[in-house]
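Only one structure is covered here, and it is reproduced in the block below.
The values are calculated or read from the model by the stated rules, or taken from the named source; none is laboratory data. Note that the coordinates shown come from a computational prediction; the quantities given were computed from them, not determined experimentally. Using ideal geometry, Cβ is built from the backbone for each residue, glycine included, and neighbour counts are taken over all protein chains shown. Side chains are part of the model used for accessible areas, which takes the heavy atoms of the whole protein and leaves out ligands, DNA and RNA. Shrake-Rupley method; radii C 1.70, N 1.55, O 1.52, S 1.80 Å.
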Amino acid sequence: MAAPLAFGLMLTGACSASAPAATPGITRAPCPQAIHKDKGCIYLGVLSDLNNGPFAPLGRSMQDGQLAFWNEVNKQGGIGGYEIDIATYTRDTAYDPRKHVTEFENVAPHVLALAMSFGTAQTLAVLHDMDEANLVTGAGTLWSGWQYRSTDRDLVLDDGYSYCTEAVLGLDWFAQNHYQPRTLGVVAYRGNYGGDYASGALKWALDNGATIASRIDTGPNSEVGNQDFPVAEIMANPPDLVLLATGPAETAEIVSKLAKDGYTGRFLGSTPTWNSALLKTPAAQALTTLYNYTSPFDGWDGNSVGAQRARNAAPSEPTNFGYNIGWAISYPMKALLTKAAGSGEIDRPALRNTLDRLTVDSEGMAATRIYGRDEPDVAAQRAVVNVPDPNTSLGSRTVVADYQSPTLKRIAIHEPCTR
């Protein structure tokens, strides 16, 4: 186990790493809520779904995890003579690419980098501007394109796996622990998130002698009204297993309606499909008996050093598992800032250049990651498999914390699964 003081880089002396006076997002004045008044401030922005979008409960909980993470870094001395502020330039973008662009334009002049940009289409909408500004971001999205320098332009600090490999990981675990599905139904949001997950399901099917019986595009209920169409399509040709890459509300509706209509198979969901609030809906019984979801990071009940630190730092029990995601996705930015500070210079070009061959250890919450490669080592990716459980904290329980995929060791993936 790592020693407690290893968590934060403690370079004593205010502003010991060089930052030009005009560097955006860095001040010699302390942060607004500074712990150490003799240190300067690095401002990081956050663009997320925080209020009324389809993933707002997840986004708010992720923000809580990020705030707790950086508070611990600051308590232990900050980085390079600076504390880190992610609160001042946090903005709600409601999972809307247009609003994401607007809020990006508002915060970009004031931040060194983004601690998180939530959503794939949303982040793609500002990627060109990030490129021109040398503005790096932490990823609130698991699109496979972030794992290839040809598409992320060495700007996006993703972690864990992609939605594409998540489907492969989940299906391998499912086949080993439930039954071997021969036909798959995939209900997924249209766009990069759902398309990436569906592509992974197809790759698994081709390698494992299965077929995609139904591939159904949908959207948030705020856009499409309800999920009656996907339910009808699944019931018209019931597959052995239904895979879901939607939001929590749509997951609850699809699972409950299919169970009520007599569907006898099981459900496997991507990370964003789950929220513990679903246990208070009519879908609760079906979810607890028929549904599993995967996550790239060790959960609230996890045993890794990182999960233990996250629990110890929480001011109270989180509302959902997004807290651990927010904590876990903060490790890459911390490592990037630490490495840049160690080289004696912190500014936007330095951060972007430092990303090349950056090695990130998330204290066991995910596999060690090396950035700046042309393509990822997908065989090394791993999943945490979970099951809803109303008798546990946060309403879910870890089934396995370090699952690796035999299929990913066999198949070749040399480019993003969707573009």
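Which lysines does Lys257 reach when only Cα atoms under 24 Å apart count, and residues fewer than 8 places away in its own chain are ignored?
Lys280
With +1 on each Lys and Arg Cβ and -1 on each Asp and Glu Cβ, how big is the dipole of the stretch 49-200 about its Cα centre, in debye rounded to the nearest 20? Walk me through the intermediate numbers first.
Values: 9 positive and 19 negative charges, 85 e Å.
Around 400 debye, computed over the stretch 49-200.
Give me the 1.4 Å probe accessible area per residue for the stretch 217-308, excluding ligands and nucleic acids, in Å². List each step's numbers first, then the result.
Working: 3260 Å² over 92 residues.
In whole numbers, the stretch 217-308 has 35 Å² accessible per residue.
Helix 97-107 against the longest principal axis of the chain: what's the angle in degrees, Cα atoms only, rounded to the nearest 10?
Tilt relative to the chain: about 10 degrees.
What percentage of the solvent-accessible surface of the stretch 176-240, computed with a 1.4 Å probe over protein heavy atoms, is contributed by carbon and sulfur atoms? Spell out each step's value before the answer.
Working: 1370 of 2890 Å².
Reported share for carbon and sulfur atoms: 48 percent.
If you place +1 on the Cβ of every Lys and Arg, -1 on the Cβ of every Asp and Glu, and leave all else neutral, what size is the dipole of the chain about its Cα centre, to the nearest 20 Debye?
Charge dipole, the chain, about its Cα centre: 420 debye, nearest 20.
Label-point separation (nm) for Ser222 and Asp356, each offset 7 Å from Cα along Cα-to-Cβ?
Using points 7 Å along Cα→Cβ, the separation is 4.1 nm.
How much FRET efficiency would the formula 1/(1 + (r/R0)^6) give for His178 and Ala29, where r is the Cβ-Cβ distance and R0 is 56 Å, rounded to 0.05?
0.50
Using 0.36 nm per residue, how much length does the chain from Gln308 to Lys260 gain when fully extended, once their Cα-Cα distance is taken away?
13.3 nm
Pick out, from Tyr263, Asn312, Leu279, the residue whose Cα sits farthest towards the positive end of the charge dipole of the stretch 260-347, with +1 on the Cβ of Lys and Arg and -1 on the Cβ of Asp and Glu.
It is Tyr263.
Compare Asp207, Asp240, Asp158 in a GNM of the chain, Cα atoms joined below 10 Å, and give the one with the largest fluctuation.
Asp207
Quick one: grab the alpha carbon gyration tensor of the stretch 182-302, order the square roots of its eigenvalues as a ≥ b ≥ c, and give me rounded if a/c is under 1.5, else prolate or oblate depending on whether a/b is larger than b/c. Kindly include the intermediate steps, with their values, before the conclusion.
Values: a/c = 1.32, a/b = 1.12, b/c = 1.18.
Rounded is the answer for the stretch 182-302, as its axis ratio a/c remains below 1.5.
Compute the relative contact order of the stretch 159-223 as a whole-number percentage, counting only Cα pairs closer than 8 Å that sit 6 or more residues apart in sequence.
With pairs under 8 Å counted, the relative contact order is 40 percent.
What number in nm² do you get for the chain if you take the convex hull of its Cα atoms and divide its surface by four?
Across all orientations, the chain yields a mean hull projection of 18.2 nm².
Given a 10 angstrom Cα cut-off, can you work out which residue in Thr338, Thr151, Thr264 is the most mobile in a GNM of the chain?
Thr264
Relative to the longest principal axis of the chain, what angle (0 to 90°, nearest 10) does the C-alpha long axis of helix 56-75 take?
30
What relative contact order, as a whole-number percentage, does the stretch 238-369 give when Cα pairs under 8 Å and 6 or more residues apart are counted?
Rounded, it is 21 percent for the stretch 238-369.
Could you tell me which of Gln147, Gly59, Gln33 has its Cα farthest along the dipole of the chain towards the positive end, charges placed at Cβ (Lys, Arg +1; Asp, Glu -1), taken about the Cα centre?
Gln33
Angle check, please: helix 163-177 long axis (alpha carbons) against the longest principal axis of the chain (alpha carbons), in degrees 0 to 90, nearest 10.
The helix 163-177 is inclined about 50 degrees to the chain.
Would you please classify the overall shape of the stretch 13-121 from the alpha carbon gyration tensor, given that a ≥ b ≥ c denote the square roots of the eigenvalues, rounded means a/c under 1.5, and beyond that prolate means a/b larger than b/c while oblate covers the rest? Don't skip to the answer; put the middle values down first.
On the way: a/c = 3.09, a/b = 1.70, b/c = 1.81.
Oblate, since a/c reaches 1.5 and b/c is not below a/b.
What is the gain in length, in nm to one decimal, between Thr392 and Ala236 on full extension, counting 0.36 nm per residue of separation less the C-alpha to C-alpha distance?
Here the answer is 52.5 nm.
How much of the DSSP beta bridge set in the chain is antiparallel, as a percent to the nearest 5?
30
Calculate the dipole size of the stretch 374-419 relative to its Cα centre from +1 charges on Lys and Arg beta carbons and -1 charges on Asp and Glu beta carbons; express the result in debye to the nearest 20.
Working: 5 positive and 6 negative charges, 38 e Å.
Charge dipole, the stretch 374-419, about its Cα centre: 180 debye, nearest 20.
With a/c under 1.5 counting as rounded, go ahead and sort the stretch 304-419 into rounded, prolate or oblate using the C-alpha gyration tensor (a ≥ b ≥ c being the square roots of the eigenvalues; past the cut-off, prolate if a/b is larger than b/c, else oblate).
oblate
Please state the relative contact order of the chain as a whole percent: Cα pairs under 8 Å, 6+ residues apart?
Result for the chain is 18 percent.
Among Thr183, Phe104, Tyr163, whose Cα sits farthest toward the positive end of the charge dipole of the stretch 93-192 (+1 at Cβ of Lys/Arg, -1 at Cβ of Asp/Glu, about the Cα centre)?
Thr183
List the lysines whose Cα sits under 19 Å from the Cα of Lys334, skipping any in the same chain fewer than 8 residues away.
Those lysines meeting the cut-off are Lys39, Lys75.
Pulled fully out, how much extra length does the chain show between Phe229 and Thr211, if you take 0.36 nm times their separation in residues and subtract their Cα-Cα distance?
This chain segment gains 4.4 nm when fully extended.
Ignoring ligands, DNA and RNA, what percent of the 1.4 Å accessible area of the stretch 255-313 is carbon and sulfur?
49
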